[in-house]
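Engineer: Before anything else, here's the structure in question.
The values are calculated or read from the model by the stated rules, or taken from the named source; none is laboratory data. It should be emphasised that the depicted structure is a prediction, and the values quoted were computed from it without experimental measurement. No Cβ is skipped: glycine too gets one built from the backbone with ideal geometry, and neighbour counts run over all protein chains shown.
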Amino acid sequence: MNIAFWSPMHGTGTTSALLAVAAAYGEMEGKKLLLSQTHYNLNNLEYPLLGDVREDDFFRDTGIDAALRHFKSGNVTDTQLSDCTIKIGKNLYLLAGTHSSNREGFENDMVESMIIHILLLYGQYYDVVFTDTNSGFGVYSMKILEECDAVVVSLNQNLFMLDSFLDNERFKDKKMFYLFTDYDSRRKYNIKNISAKYKQIGKNNSGIIPHSARFADSICDKKTYRYITDNLDCDSDHADYEFFTGLKSTIDKLKIFLESIKSGSAGKTEDAQWYGS
């Protein structure tokens, strides 16, 4: 399946949410999972997962640039596509972003269409492909949202943002999972009150990633994958117990949500429970 991570506006923590969800999802579900991104010069997945790897030789035969070269040759194989990825953990792989110095050449309709096709191809060889897309309503992001199987929408507890986005008719029929990042259960508009206000958001199509300074620090320290996988099963006395409890609950619901899309039964039901409800 191809899942786009997207937000209607910048600053909602889409990339951080993708990192947390991907690491936990791969660990909990045992699925072969690929991470990708569509940004030109903000390859924010690489830094927290690979550290300070910046040598051109390292990316010469990996990443989206190598995949594009294979695709342009007209004879792309599953082995070639696999060789373009970097293994991060037991079930987690990364398709690094572009290292091209030609922004205009990378951001044109033909290349963007090829990248979308490449990501769809990867969806045939991996159980799940998570793609970090540009926030906002650019043409490229909208194309990806149209082509993918589902969209994880990164939101916050700001009602002005929610009003603007959820009233937008163009997203009424999208298969969307609403993910509230940097979540604070103490706020008046917690997930239960938000769902009561906005009919699109239900118990089985929404999740939370609670605020965690330690998780944010793990990104800066380039230890994100290990921080997630090492602490998923932490005890209640762990300093980030609330964060990991919320994250695991979100993974459970996202799994059910994606399965419902496969079976054609996706919709808003009331049989699941929110974390903290």
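Engineer: Filter region 164-188 down to the residues that are of a type in the set (Phe, Trp, Tyr) and crowded, with 17+ Cβ neighbours inside 10 Å and list them by number.
Structural biologist: Within region 164-188, 165, 177, 178, 180, 183 meet the criteria.
Engineer: Which residues, taken from region 208-218, are part of a strand (DSSP E or B) and in contact (Cβ under 8 Å) with a residue 60 or more places away in the chain?
Structural biologist: Listed by number, the residues that qualify are 208, 209.
Engineer: Only residues that are farther than 19 Å from residue 35 by Cα and in contact with a Phe, Trp or Tyr (Cβ under 9 Å, 6 or more places away or on another chain): list them for region 137-167, please.
Structural biologist: Within region 137-167, 155, 156, 157, 158, 159, 162, 163, 165, 166 meet the criteria.
Engineer: Within the group 25, 47, which residue is over 14 Å from the mean Cα position of the chain (by Cα), among the aromatic types (Phe, Trp, Tyr) and at negative phi?
Structural biologist: Step by step, each of 25, 47 is checked, and only 47 is over 14 Å from the mean Cα position of the chain (by Cα), among the aromatic types (Phe, Trp, Tyr) and at negative phi.
Engineer: Would you confirm whether or not region 126-139 contains a residue that is in contact with a Pro (Cβ under 8 Å, 6 or more places away or on another chain), among the small types (Gly, Ala, Ser) and modelled with pLDDT of 90 or more?
Structural biologist: yes
Engineer: Of all residues being at pLDDT below 80 and touching a Gly at 6+ places or on another chain (Cβ under 8 Å) in region 49-104, which is surrounded by the fewest Cβ atoms within 10 Å (Cβ to Cβ)? Just the residue, please.
Structural biologist: In this case the residue turns out to be 99.
Engineer: Can you work out which of the residues in region 219-236 that are outside any loop (DSSP other than H, G, I, E, B) and in contact with a Pro (Cβ under 7 Å, 6 or more places away or on another chain) is surrounded by the fewest Cβ atoms within 10 Å (Cβ to Cβ)?
Structural biologist: Within region 219-236, the match that is surrounded by the fewest Cβ atoms within 10 Å (Cβ to Cβ) is 219.
Engineer: In region 16-42, how many residues are surrounded by 20 or more Cβ atoms within 10 Å (Cβ to Cβ) and either more than 17 Å from residue 148 (Cβ to Cβ) or touching a Gly at 6+ places or on another chain (Cβ under 9 Å) (or both)?
Structural biologist: Looking only at that region, the number is 13.
Engineer: Answer yes or no as to whether residue 79 is in contact with a His (Cβ under 9 Å, 6 or more places away or on another chain), free of Cβ contacts under 8 Å to residues at least 60 places away in the same chain and not in a strand (DSSP E or B).
Structural biologist: Spelling it out, it is not the case that residue 79 is in contact with a His (Cβ under 9 Å, 6 or more places away or on another chain), free of Cβ contacts under 8 Å to residues at least 60 places away in the same chain and not in a strand (DSSP E or B).
Engineer: Take residue 11 and decide whether it is in contact with a Gly (Cβ under 8 Å, 6 or more places away or on another chain), at pLDDT 80 or above and of a type in the set (Gly, Ala, Ser).
Structural biologist: No; evaluated as a whole, the condition is false for this residue.
Engineer: With region 85-198 as the region, which strands (runs of 3 or more DSSP E) entirely inside it contain at least 2 residues that are without any contact (Cβ under 8 Å) to a residue 12 or more places away in the chain and under 30 Å from residue 31 (Cβ atoms)?
Structural biologist: none
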